Amino acid sequence: MSASADTMHSELAHVVREVPGVAFLAPGLRSRLRALRATSPLARPGDDTPGITVSAPSGEGRTSATTVEIRLICRSDRRTLDTTRAVREAVDHHLTTRHPGDEFRIIVTVTGVT
Amino acid sequence: MNNPPPETRTDPDDETLPCGRLLSQVWADWEEGVHDEHTAQCAHCRLAVADLERLESQVRALDSDPAQQPVDAASFIDRVMDVVRLELRPGRPLPLGEADEDLRIMENVAARTLRQAAEEVPGVRAGSCRLTLADAPGGTPVNVDLSVHVPLTTPDVQALAQEIRDRVGVTAHERLGLHLGEIDVRITDLVSEDEDEAAPRSAQEGSAP
């Protein structure tokens, strides 16, 4: 992961964690595996921002935009839909501000409620 | 890519991956360090291996955390199976909100919330809760198929089923924001209080998803 991508992940993680109703980002598989066994075939240096995936556009159909997927665990004391909408809005605002002119598709997936 | 024909099932619970390989065989090969060209290139096999590694890390985390030490083997197994259900079989992503919002909730997460809602009705024990996308134009409602045990002393089973249906519908809307279609409540057993207290919930009926 490049330094700019690393920064983007960190900034997005901060933005998401600040949204009311977000408990935490989904734990990163690779990070846990790295801690478990350094020889894991899935271990890749630099990919340690949990719950956030940024995929470059593939040039096919709707995927002409960069896809940002957020996977998170929501707090049960707020309506899940409201939390995910707030996350989407916060991420969209951040990306629009920091990357004007770029096109993003934002996907928010709830992997747990606690 | 080498795509072998579907392998013969020997275990009814075993799963055949879309590539035709048995999940159990893919996992066994990984554990034994057996590598071949198919597994290296097949997205389905690689995902299956990733699932197994995730389970392994979860179990080791449970085992290494003093605060999480199991009090007995049954408790530990229950917790491991919870991890299996939620981490290894999260189900499909279901749509939240409008279709074009790209908001999703994993099937098992929604199912667990709806089962809890059903169990808010006194005496009700929820079992399987299957969620399927309704085939409806212009929207993305989710159909619910929920099985429950209810008290043997229930005076009006149909009224109780309606109460469960109402509770599930309200919860889906107010807690999750999930747009439900049909809510089918199947009463699979009438149980006495003694039976209900004696039987652990997981033994009453499968709960995944």
*Please work out which one of (1) more than 14 Å from chain A (Cβ to nearest Cβ); (2) surrounded by fewer than 16 Cβ atoms within 10 Å (Cβ to Cβ) is the condition residue B:92 fails and give its number.*
(1)
*Does the range B:95-108 contain any residue that is modelled with pLDDT under 75, more than 20 Å from the chain's Cα centre (by Cα), in a helix (DSSP H, G or I) and surrounded by fewer than 19 Cβ atoms within 10 Å (Cβ to Cβ)?*
no
*What is the number of the single condition among (1) modelled with pLDDT of 90 or more; (2) away from chain A (no Cβ under 14 Å); (3) under 18 Å from residue B:113 (Cα atoms) that residue B:208 does not meet?*
(1)
*Return the total of residues in the range B:116-141 being surrounded by 22 or more Cβ atoms within 10 Å (Cβ to Cβ) and within 13 Å of chain A (Cβ to nearest Cβ).*
1
*Taking the options B:135, B:189, B:194, name whichever one is in the same structural domain as residue B:102 (by TED's automatic domain parsing) and either in a strand (DSSP E or B) or at pLDDT 95 or above (or both).*
B:189
*Tell me which residues, restricted to the range B:160-184, are more than 13 Å from chain A (Cβ to nearest Cβ), free of Cβ contacts under 8 Å to residues at least 40 places away in the same chain and crowded, with 16+ Cβ neighbours inside 10 Å.*
B:160, B:161, B:165, B:169
*farther than 30 Å from residue B:170 by Cα, modelled with pLDDT of 95 or more and touching a strand residue (DSSP E or B) at 6+ places or on another chain (Cβ under 8 Å): does that describe residue A:81?*
no
*Among the numbered criteria (1) within 13 Å of chain B (Cβ to nearest Cβ); (2) within 23 Å of residue B:109 (Cα to Cα); (3) surrounded by 14 or more Cβ atoms within 10 Å (Cβ to Cβ); (4) modelled with pLDDT of 60 or more, which single criterion is violated by residue A:67?*
(2)
*Across the range B:142-159, what is the total count of residues that are more than 14 Å from chain A (Cβ to nearest Cβ) and under 29 Å from residue B:98 (Cβ atoms)?*
4
*In the range B:156-168, what residues are over 19 Å from the mean Cα position of the chain (by Cα) and assigned to a helix (DSSP H, G or I)?*
B:157, B:158, B:159, B:160, B:161, B:162, B:163, B:164, B:165, B:166, B:167
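The values are calculated or read from the model by the stated rules, or taken from the named source; none is laboratory data. Keep in mind the model is a prediction, meaning the values are calculated, not measured. Note that each Cβ is placed from the backbone with ideal geometry, even for glycine, and that neighbours are counted across all protein chains shown.
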